[in-house]
């Protein structure tokens with residue numbers, strides 16, 4: 001009997017001595033079962049397969065007990081038709097969208113009271129530091145609601161992304177060998193860690209510095225000299241507004257006060273507290289809309305979150321043989337020059353601000369990618 005295995009290419013089309021059954025598939029397990037079959041002669045090849053086949057569970061993680069006992073998972077043992085692949089894909093999409101929908105409903109509850117104020121916190125802090133009314137505005141009636149929906153969708157996509165990627169992985173893993181699955185699962189924690197570091201880096205460092213630069217630049221534009229004479233008028237009775245560390249307990253209509261805690265000038269009107277906007281005395285005053293600011297935050301989070309995947313990109317290029325590690329080391333001066341340009345464009349301001357905000361992290365990520373790619377190589381390849 002011919003043995004059908006990858007190690008014996010001559011047996012790929014070997015015909016059994018007592019039947020016309022051929023081994024035409026490559027990499028099939030060399031464990032044929034000799035048992036009679038009606039109409040096929042005295043025996044025929046029969047290869048191992050799951051005892052029960054379920055297209056919705058056709059993954060490398062869910063197999064029968066007999067398959068688990070094997071030393072490694074071989075996707076060549078399992079074959080699905082195009083219709084079965086589409087059915088499996090449809091089921092995974094249903095599960096992914098169902099998880100996203102549940103998270104989206106939860107985000108609708110918490111976004112308006114917690115997430116949107118958290119996104120605006122860096123802007124409010126910068127406005128208060130320059131004694132400007134800490135508020136954002138909207139120019140279209142539907143802007144607040146549409147921004148609320150946008151933030152809810154993005155938040156739901158970010159929170160539900162592990163579940164959706166897991167469903168995608170279950171669909172793809174069925175066609176991967178064990179060593180291929182290990183390559184993917186090995187670097188998922190590193191990718192997630194780099195992504196979180198990029199988001200935190202933007203929120204706590206890059207975004208406040210960027211807002212501070214633009215605000216300081218705009219406040220240095222003065223009024224024309226004829227409209228802003230340098231004179232001071234003497235007053236006998238100064239007019240002052242009381243300042244409190246909070247709001248009065250029972251304000252009366254028409255009462256005005258300054259809340260030191262939130263930096264707002266407030267007015268009691270009809271039993272409600274209203275805010276009086278105020279700005280700088282120079283030529284320009286900020287009117288920052290909610291939709292524009294949220295778009296800026298999302299753009300920066302996405303850009304830096306992806307840029308922090310630089311070590312993984314370097315590791316992939318080295319592993320694929322596209323770029324050699326020595327070339328990455330020799331080209332440091334050119335790479336650093338490009339990073340300086342990118343830092344100056346993304347974070348406008350003086351050289352120190354641009355360097356601290358982007359140059360050092362990008363250099364660190366570049367060197368981290370080189371070090372990780374070297375650690376992944378065998379000792380013989382690393383010494384080469």
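The values are calculated or read from the model by the stated rules, or taken from the named source; none is laboratory data. Not measured: the values here are computed from a predicted model. Every residue, glycine among them, receives a Cβ derived from its backbone with ideal geometry; neighbour counts consider all protein chains shown.
Odds and ends about this structure:
- Residues that are modelled with pLDDT under 60 and over 25 Å from the mean Cα position of the chain (by Cα) do not occur anywhere in region 108-128.
- Qualifying residue in region 199-219 (condition: part of a loop (DSSP other than H, G, I, E, B) and either at pLDDT below 90 or buried (at least 17 other Cβ atoms within 10 Å of the Cβ) (or both)): no
- Cβ pairs under 7 Å, 6+ apart, first in region 247-266 and touching a residue at least 40 places away in the same chain (Cβ under 8 Å), second surrounded by 13 or more Cβ atoms within 10 Å (Cβ to Cβ) and assigned to a loop (DSSP other than H, G, I, E, B): 262/134; 263/134; 264/133; 264/134; 265/278
- When the residues of region 238-287 are filtered to those that are touching a helix residue (DSSP H, G or I) at 6+ places or on another chain (Cβ under 7 Å) and surrounded by 14 or more Cβ atoms within 10 Å (Cβ to Cβ), the one that is nearest to residue 212 (Cα to Cα) is 286.
- Filter result for residue 302 (over 26 Å from residue 118 (Cβ atoms) and without any contact (Cβ under 8 Å) to a residue 40 or more places away in the chain): no
Each row is one residue, and each column tells you yes or no for (1) crowded, with 18+ Cβ neighbours inside 10 Å; (2) in contact with a helix residue (DSSP H, G or I) (Cβ under 6 Å, 6 or more places away or on another chain); (3) part of a loop (DSSP other than H, G, I, E, B).
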| site | (1), (2), (3) |
| --- | --- |
| 135 | no, no, yes |
| 139 | no, no, yes |
| 146 | no, no, no |
| 151 | yes, yes, no |
| 155 | yes, yes, no |
| 158 | no, no, no |
| 162 | no, no, no |
| 165 | no, no, no |
| 168 | no, no, no |
